[in-house]
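Engineer: There's a structure below that I have some questions on.
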Amino acid sequence: MRCPSCNSLDTQVKDSRPTEDSSVIRRRRVCVTCNFRFTTFERVQLRELTVIKRNGRRVPFDRDKLMRSVQISLRKRSVDPERVEKMVSAIVRELESGGESEVSSEAIGEIVMEHLRDLDDVAYVRFASVYRNVREAKDFEAVLGELSAEDEAPRLAPVRK
């Protein structure tokens with residue numbers, strides 16, 4: 001592992017621990033050259049994913065980019081970071097187990113919105129407004145209408161006699 005401070009390839013692992021849900025290994029490392037200490041995380045990757053952008057360009061899937069976009073939609077919301085991490089891991093697992101090595105950015109956006117809808121309504125609206133390129137108030141009404149329609153559906157389903 002390359003040292004982020006001096007770029008030396010000579011680093012040593014000092015400590016390894018699994019995270020609480022055992023889906024990630026956290027490793028504390030030290031650079032032999034400059035004694036800089038840093039942390040790395042190791043995750044299971046089922047397959048290499050390629051994202052097909054709207055303009056047709058293909059780029060490698062980046063979990064960190066997904067996490068950043070979710071965190072932006074959750075900014076100033078009181079959502080436990082552990083729940084966010086589990087949600088992002090579930091999204092990545094869903095994408096990797098889908099059987100395809102190429103996935104469209106639209107499909108990723110829809111999956112993220114499904115998960116955000118369950119996690120936080122405001123984050124869902126924020127993400128959907130950027131994803132769907134909302135420009136006017138009536139477009140927000142459509143997004144909010146989707147959210148309220150899903151909230152009403154469970155109430156209508158269980159009818160007792």
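Engineer: Mind checking the angle between helix 137-156 and the chain's longest principal axis? C-alpha axes, 0 to 90 degrees, to the nearest 10.
Structural biologist: With both axes taken from Cα atoms, the answer is about 80 degrees.
Engineer: Can you pull out the chymotrypsin sites (Phe, Trp or Tyr not before Pro) in the stretch 11-80 whose DSSP state is coil and whose Cβ has at most 10 other Cβ atoms within 10 Å?
Structural biologist: Passing sites in the stretch 11-80 do not exist.
Engineer: For the stretch 50-102, which trypsin sites (Lys or Arg not before Pro) are both in a DSSP coil and crowded by at most 15 other Cβ atoms within 10 Å?
Structural biologist: Hits after loop and neighbour filter: LYS53, ARG54, ARG57, ARG75, LYS76, ARG77.
Engineer: Quick one, which of [x] 171; [y] 140; [z] 186 is the actual volume of the Cα convex hull per residue in Å³ calculated for this model?
Structural biologist: Answer label, from the structure shown: [z].
Engineer: Once amide H atoms are built 1.01 Å from N in the peptide plane, which residues 5 or more positions from VAL24, or in another chain, come under 5 Å H to H?
Structural biologist: Under 5 Å from the amide H of VAL24 lie the amide H atoms of THR19, each far enough along the sequence or on another chain.
Engineer: Now for a separate question. GluC sites (Glu not before Pro) within the stretch 16-87: which are DSSP loop residues with at most 12 other Cβ atoms inside 10 Å?
Structural biologist: GLU20, GLU48
Engineer: With only alpha-carbon atoms counted, please give the Rg and Dmax of the stretch 48-109, in Å.
Structural biologist: Reported Rg and Dmax, both Å: 12.5, 36.
Engineer: Measure nothing fancy, just the Cα-based angle from helix 105-119's long axis to the longest principal axis of the chain, in degrees from 0 to 90, nearest 10.
Structural biologist: Long axis of 105-119 versus the principal axis of the chain: about 80 degrees.
Engineer: With angles folded into 0 to 90 degrees, how steeply does helix 63-73 sit against the dominant principal axis of the chain? Use alpha carbons for both and round to 10.
Structural biologist: 50
Engineer: For the stretch 1-136, compute the number of Lys pairs whose alpha carbons are separated by less than 26 Å, excluding pairs fewer than 8 positions apart on the same chain.
Structural biologist: 5
Engineer: With each run of n ≥ 4 DSSP H residues scored as -39500 (n - 2.57), what mean residue ellipticity at 222 nm is computed for the chain after dividing by its residue count and rounding to the nearest 500 deg cm²/dmol?
Structural biologist: After summing the helix terms and dividing by residue count, I get -15000 deg cm²/dmol.
Coordinate-derived values only; no laboratory data. Keep in mind that what you see is a predicted model, and the values were worked out from it rather than measured. Glycine gets a Cβ as well: all are built from the backbone with ideal geometry, and neighbour counts include every protein chain shown.
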